[in-house]
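See below for the structure under consideration.
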Amino acid sequence: MQKTRTKTRVFSGVQPTGNLHLGNYLGAVTRFVALQAEHDCLYCVVDLHAITVFQDPDELKYNTREVTAAFIASGIDPTRHIIFNQSQVSGHAELAWIFNCVARVGWLNRMTQFKEKAGKDRENASAGLYVYPNLMAADILLYHATHVPVGEDQKQHLELARDIAQKFNNDFARTIARAGYDGGFFPLPEPLITGPATRVMSLRDGLKKMSKSDESDMTRINLTDDADTIAKKIRKAKTDPEPLPSETKGLEGRPEADNLVGIYAALAETDREAVLRDFGNASFSKFKESLAELAATRLVPIGTEMKRLMADPVEIDCVLDDGAKRAHAIADPILAMTKDIVGFIRS
């Protein structure tokens with residue numbers, strides 16, 4: 001009897017590296033919330049990924065809870081879907097080792113994120129940073145996830161996950177067939193790239209991605225900023241001397257204007273065309289005032305709830321513990337079958 005899969009399952013993760021900001025919210029978290037309606041979802045705080053560069057242990061714990069609080073405060077329901085931290089499910093690391101032996105060095109050498117993060121001093125980068133994409137593949141495939149919401153900068157890693165799944169299915173085709181799986185054991189996950197602001201840029205440089213690691217806090221809007229701080233940052237956001245155009249073509253060559261219009265569109269759950277119909281030919285001062293009001297309306301309640309949750313870490317830890325148990329229930333049989341397929345003897 002052939003085993004087939006019909007249910008869609010989404011997996012995605014966020015690194016607990018502190019200072020969650022508008023880019024994280026619009027580029028990932030809002031998408032996570034929307035996907036709950038149509039998919040079974042697993043949302044992971046990827047603390048194993050975080051330690052590819054050194055993390056202060058106390059800060060790592062704090063940041064793991066903060067990401068969890070952001071998930072819940074933004075509207076992810078931990079009773080209907082699974083929120084957990086990666087290190088509580090050992091299958092991620094176990095499957096990553098198997099994939100280290102499936103993936104080819106040439107594939108990893110083409111990963112642009114390693115080149116960017118390691119910089120010129122690649123010899124001093126951790127081995128974990130180099131094989132990071134194999135762990136990402138394990139994160140996804142450990143749950144037989146069918147879809148992954150990714151930004152443009154992670155799309156290459158998802159393509160690698162598909163390559164690893166395909167090679168595993170080919171390498172072990174006979175064993176997989178004997179186990180009764182139709183079309184391979186690991187599914188080839190599909191990317192979900194949606195929304196008008198999948199890539200949010202710095203408020204001070206429209207060519208640079210908004211980042212938690214930027215030295216200046218004025219480059220980003222943090223999820224815990226209050227309304228006055230949000231308004232101040234938007235007022236001081238870099239623009240150009242021209243008024244807003246009335247059509248999207250007029251945003252070409254104007255990265256800061258395009259970024260602010262994209263942020264407004266994402267927060268208002270509309271598109272750039274609609275924003276420019278309302279604000280075309282308006283001054284930036286008028287537009288920024290409306291953007292600040294919209295941003296505060298959307299973000300301040302989230303920040304308030306995050307602060308409430310962070311004041312009671314026991315509540316957050318209970319969510320993570322429950323999520324890990326439910327993640328184990330999905331992952332453990334898949335990992336066990338993977339070991340059988342590879343040829344490991346299990347007790």
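Checking 188, 276 one by one, the residue that is in the same structural domain as residue 147 (by TED's automatic domain parsing), without any contact (Cβ under 8 Å) to a residue 40 or more places away in the chain and out of contact with any His (no Cβ under 9 Å at 6 or more places or on another chain) is 188 and no other. Region 228-347 holds helices (runs of 4 or more DSSP H) entirely within its bounds, and those carrying 3 or more residues that are within 23 Å of the chain's Cα centre (by Cα) map to 255-268, 284-310, 313-342.
The requirement of being touching a Phe, Trp or Tyr at 6+ places or on another chain (Cβ under 7 Å), more than 30 Å from residue 98 (Cα to Cα), assigned by TED's automatic domain parsing to the domain that holds residue 270 and in a loop (DSSP other than H, G, I, E, B) is fulfilled nowhere in region 203-222; no residue meets it. Which of the following residues is in the same structural domain as residue 48 (by TED's automatic domain parsing), within 22 Å of residue 15 (Cα to Cα), basic (Lys, Arg) and without any contact (Cβ under 8 Å) to a residue 24 or more places away in the chain: 122, 174, 162? Answer to the check: 122.
For region 68-118, taking the residues that are without any contact (Cβ under 8 Å) to a residue 24 or more places away in the chain and among the hydrophobic types (A, V, I, L, M, F, W, C), the one that is farthest from residue 162 (Cα to Cα) is identified as 118.
Condition check ((1) small (Gly, Ala, Ser); (2) under 30 Å from residue 140 (Cβ atoms); (3) at pLDDT 95 or above; (4) in the same structural domain as residue 23 (by TED's automatic domain parsing)) across all residues:
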residue: 194; (1), (2), (3), (4): no, yes, no, yes
residue: 228; (1), (2), (3), (4): no, no, yes, no
residue: 241; (1), (2), (3), (4): no, no, no, no
residue: 259; (1), (2), (3), (4): no, yes, yes, no
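Among residues of region 219-230 that are under 16 Å from residue 260 (Cα atoms), those with a Cβ under 8 angstrom from a residue that is among the β-branched types (Val, Ile, Thr) and part of a loop (DSSP other than H, G, I, E, B), sequence gap 6+ or separate chain, pair up as 230/221. Just one of the listed residues (249, 325) is closer than 18 Å to residue 206 by Cα and charged (D, E, K, R), namely 249. Under 7 Å between Cβ atoms, which residue pairs at least 6 apart in sequence (or on different chains) link something in region 331-347 that is farther than 15 Å from residue 177 by Cβ with a partner that is among the small types (Gly, Ala, Ser) and surrounded by 14 or more Cβ atoms within 10 Å (Cβ to Cβ)? Hits for this filter: 331/91; 332/91; 335/91. Inside region 107-137, residues that are part of a helix (DSSP H, G or I) and over 30 Å from residue 171 (Cα atoms) make up a count of 6.
Taken together, the residues in region 241-283 that are closer than 20 Å to residue 220 by Cβ and touching a helix residue (DSSP H, G or I) at 6+ places or on another chain (Cβ under 8 Å) amount to 11. Scanning region 259-278 for residues that are of a type in the set (Val, Ile, Thr) and either surrounded by 24 or more Cβ atoms within 10 Å (Cβ to Cβ) or under 19 Å from residue 238 (Cα atoms) (or both) returns 261, 263, 275. Restricting region 115-166 to residues that are more than 27 Å from residue 54 (Cβ to Cβ) and out of contact with any helix residue (DSSP H, G or I) (no Cβ under 9 Å at 6 or more places or on another chain) leaves a set whose member that is surrounded by the most Cβ atoms within 10 Å (Cβ to Cβ) is 146.
Which residues, taken from region 231-242, are surrounded by fewer than 21 Cβ atoms within 10 Å (Cβ to Cβ), among the basic types (Lys, Arg) and closer than 14 Å to residue 260 by Cβ? Step through it out loud before you land on a result.
Kept after step one, since they are surrounded by fewer than 21 Cβ atoms within 10 Å (Cβ to Cβ), are these residues of region 231-242: 231-232, 235-236, 238-242.
If we keep only those that are among the basic types (Lys, Arg) too, we end up with 232, 235-236, 238.
Once the filter is applied, which keeps residues that are surrounded by fewer than 21 Cβ atoms within 10 Å (Cβ to Cβ), among the basic types (Lys, Arg) and closer than 14 Å to residue 260 by Cβ, region 231-242 yields 235, 236, 238.
Screening region 138-155 for residues that are within 19 Å of residue 28 (Cβ to Cβ) and in a helix (DSSP H, G or I) and picking the one that is nearest to the chain's Cα centre (by Cα) gives 154.
The values are calculated or read from the model by the stated rules, or taken from the named source; none is laboratory data. Keep in mind that what you see is a predicted model, and the values were worked out from it rather than measured. For neighbour counting, all protein chains shown are included, and Cβ atoms are generated from backbone atoms with ideal geometry for every residue, glycine included.
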